[in-house]
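Have a look at the structure below before the remarks.
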Amino acid sequence: MSAAPEAPALANRSRLARTAGARRTLSWGFIGRRALGSAVTLFFILVVNFFLFRVINPHPERTLARGRANTPEQIHLIAERLGLNQPLPQQFWTYLTNIFTGNLGVSYEYGEPVASMILQRLWPSLILVGTSTVLAIIIGLWIGKRAAWYRGRAFDKVSTTGTIIVYAMPDWWLGLLLFMLLAVGFGSFPGLFPIGGLNSPGMNPWSFAGVIDEAWHLTLPVLTLTLAYVAEYSIVMRSSMLDEMGEPYLQTARAKGLPDALVRRRHAAPNAMLPVMTMISLDLAFSVGGAITIETVFSIPGLGLLTSDALRIPDIPMLQGTFLMFSTVVVIANFLANLFYAVRDPRVKL
């Protein structure tokens with residue numbers, strides 16, 4: 001009597017298990033709907049990006065004039081030079097037209113085009129976020145799968161406890177801890193890594209020795225950001241794998257005589273990856289936010305440090321440019337994740 005209501009669910013689950021590893025063809029309508037949704041999201045971000053910093057500081061010319069201009073006339077000249085005395089709708093229209101022509105404005109602090117400054121500072125952040133994200137995904141998923149498969153054993157207990165401890169630490173606190181232990185040193189134990197920056201003094205960054213030197217300077221920041229996100233991927237993957245391990249299709253696979261490692265790799269892991277993929281795309285925004293704090297802690301001259309410096313003035317064109325770039329990366333990542341999810345999950349209607 002109790003098996004009858006479960007039959008459709010089991011059949012549906014088995015069908016999902018069979019098709020999760022199969023490829024599905026995306027329709028142009030599905031891609032178009034997702035692209036339109038991403039475009040609307042991006043336009044909303046554009047609008048918020050303009051008004052947000054003006055709400056935080058409605059008179060940035062007064063901050064910019066601090067220490068350099070004392071009279072109202074001097075402050076008015078600064079506002080006029082930067083276009084801050086124009087009506088807000090006119091400023092917004094200028095902002096939109098400039099964005100769509102690739103002009104992100106001129107930095108208040110440096111007096112240089114924002115777009116060129118972002119390009120100059122882009123690659124250290126790309127290496128930092130890209131390397132740490134890839135490492136965190138690979139290591140975190142491996143730990144999560146293994147911990148779930150050997151649930152209750154020593155590996156599961158040690159890895160779960162360790163990842164929860166690391167997960168509870170804020171990025172900046174973990175960075176400061178590793179900085180003090182491995183860069184500054186403690187007691188008679190000397191520091192192993194550089195205390196900050198991207199290059200040693202006098203080192204040519206375009207030489208082979210300069211590349212090795214930069215990699216050495218980035219090792220500790222990459223390690224910090226990797227540890228910060230390994231824990232999250234591991235915990236979610238372990239939970240997702242435990243859900244899959246209770247499904248009947250795995251018992252069927254074992255009954256067919258498949259080796260345990262093959263059952264885990266070919267049947268359980270692909271289905272457990274579906275919710276993890278969504279989390280990875282959403283976590284990209286947190287990785288970018290983490291890069292801002294990590295670059296500040298280790299004085300890495302990337303986009304994070306550039307954003308942190310711009311917040312102190314505030315350098316509104318620079319903040320708008322960097323936040324727009326960060327947001328665009330996250331929207332594109334979510335768009336690609338939606339397409340990947342639709343290809344892998346047969347429950348998504350194309």
Would you calculate the separation in nanometres between label points at Leu42 and Leu336, each defined as 7 Å from the Cα along the Cα-to-beta-carbon direction? 1.4 nm
Once phi for every residue in the range 268-276 is put through the Karplus expression 6.51 cos²θ - 1.76 cosθ + 1.60 (θ = phi - 60°), the whole-Hz ³J(HN,Hα) values, with Gly and Pro written as x, are 6, 4, x, 5, 5, 6, 4, x, 5
Electrostatic dipole magnitude of the chain [Cβ: Lys, Arg +1; Asp, Glu -1; Cα centre; debye, to 20]: 1700 debye
Using a 1.4 angstrom probe with every protein chain in place, what is the largest-first accessible-area order of Phe340, Phe208? Phe208, Phe340
If you plug each phi of the range 221-237 into the Karplus form 6.51 cos²θ - 1.76 cosθ + 1.60 with θ = phi - 60°, what whole-Hz ³J(HN,Hα) values come out, in order, with x for Gly and Pro? x, 5, 4, 4, 5, 5, 4, 5, 10, 4, 4, 5, 4, 5, 5, 5, 5
By per-residue mean of other Cβ atoms within 10 Å, what is the highest-first order of 130-136, 304-310? 304-310, 130-136
In order through the range 250-261: 3J(HN,Hα) via Karplus (6.51 cos²θ - 1.76 cosθ + 1.60), integer Hz, x for Gly, Pro: 6, 5, 5, 4, 5, 5, 6, x, 5, x, 4, 5
Add -39500 (n - 2.57) for each DSSP H run of 4 or more in the chain, then divide by its residues: what number comes out at 222 nm, to the nearest 500 deg cm²/dmol? -24000 deg cm²/dmol
Which cross-chain or sequence-distant (5 or more) residues have an amide H under 5 Å from the amide H of Val106, H modelled 1.01 Å from N in plane? Val114
Set Lys and Arg Cβ to +1 and Asp and Glu Cβ to -1, take the dipole of the chain about its Cα centre, and tell me which of Ile300, Ala65, Asn271 lies farthest positive. Asn271
Per residue, accessible area of the range 192-350 with a 1.4 Å probe, heavy atoms of protein chains only, in Å², comes to 43 Å²
Over what distance in Å are the Cα centres of the range 287-350 and the range 78-100 separated? 25 Å
Between Arg153 and Ala183, 0.36 nm times their residue separation minus their Cα-Cα distance comes to what? 7.3 nm
Computed from these coordinates, which is Cα Rg over 2.2 N^0.38 Å: [x] 1.08; [y] 1.24; [z] 0.98? [y]
Ordering of 107-119, 216-228 by burial proxy (mean other Cβ atoms within 10 Å per residue, highest first): 216-228, 107-119
Highest average packing first - 325-336, 230-241, Cβ atoms within 10 Å: 230-241, 325-336
Sulfur and carbon atoms: percent of accessible area, the chain [1.4 Å]: 67 percent
The range 141-292: C-alpha gyration tensor shape, a/c 1.5 cut-off, then a/b vs b/c: prolate
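The values are calculated or read from the model by the stated rules, or taken from the named source; none is laboratory data. The structure presented is a predicted model; accordingly, all values stated were derived computationally and were not measured. All Cβ positions, even for glycine, are placed from backbone atoms using ideal geometry, and neighbour counts span all protein chains on display. The accessibility values were calculated without ligands, DNA or RNA, using every heavy atom of the protein model including side chains. Shrake-Rupley method; radii C 1.70, N 1.55, O 1.52, S 1.80 Å.
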